[in-house]
């Protein structure tokens with residue numbers, strides 16, 4: 001029972017940044033990007049939570065892992081805030097680059113601690129690369 005509560009707590013903390021999105025300005029039926037983003041965000045959140053849960057459960061935390069995990073967690077809401085609320089593509093791009101860097105470093109730290117837990121982070125990095133390329137294309141289209 002303690003393990004389930006721990007996993008749900010980690011999952012809740014990772015799903016919390018979704019609350020920064022102002023859903024009143026979006027119609028989910030018409031905005032496929034937002035709907036796709038939410039589905040991908042929730043699935044990736046479950047994978048990150050599993051990775052973090054496995055490391056916390058086995059009590060093999062290192063200082064570097066904990067530091068980069070906290071930095072990554074604090075940066076994630078910035079993308080939601082900049083892109084969906086402020087509608088600022090440039091700040092969203094900067095936050096995505098920082099998220100991507102922290103994700104890669106988090107993957108490296110997780111792999112040093114537990115190889116199996118690091119596999120849960122691979123889709124997260126792939127989706128962040130996809131979102132970064134999408135934002136670059138949106139910025140390119142905005143310029144011309």
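Does residue 60 satisfy the condition of being outside any helix (DSSP H, G or I) and either within 19 Å of residue 16 (Cα to Cα) or touching a residue at least 40 places away in the same chain (Cβ under 8 Å) (or both)?
Yes.
Scan 113, 98, 127 and give me the residue that is in contact (Cβ under 8 Å) with a residue 60 or more places away in the chain and touching a helix residue (DSSP H, G or I) at 6+ places or on another chain (Cβ under 9 Å).
Among 113, 98, 127, only 127 is in contact (Cβ under 8 Å) with a residue 60 or more places away in the chain and touching a helix residue (DSSP H, G or I) at 6+ places or on another chain (Cβ under 9 Å).
Do we have any residue at all in the stretch 78-92 that's exposed (fewer than 14 other Cβ atoms within 10 Å of the Cβ) and within 20 Å of residue 43 (Cα to Cα)?
Looking through the stretch 78-92, none of the residues is exposed (fewer than 14 other Cβ atoms within 10 Å of the Cβ) and within 20 Å of residue 43 (Cα to Cα).
So for the stretch 16-29 (the condition being surrounded by 14 or more Cβ atoms within 10 Å (Cβ to Cβ), more than 15 Å from the chain's Cα centre (by Cα) and at pLDDT 85 or above), does at least one residue qualify?
no
Among the listed residues 42, 76, 89, identify the single one that is in contact (Cβ under 8 Å) with a residue 40 or more places away in the chain and within 21 Å of residue 8 (Cβ to Cβ).
Answer to the selection: 76.
Return the residues of the stretch 108-144 that are in a loop (DSSP other than H, G, I, E, B) and surrounded by fewer than 14 Cβ atoms within 10 Å (Cβ to Cβ); say none if nothing qualifies.
Listed by number, the list holds a single entry, 144.
The values are calculated or read from the model by the stated rules, or taken from the named source; none is laboratory data. Note that the structure is a prediction, hence the values are computed from the model and not measured. Ideal geometry is used to build each Cβ from the backbone, glycine not excepted, and the neighbour counts take in all protein chains shown.
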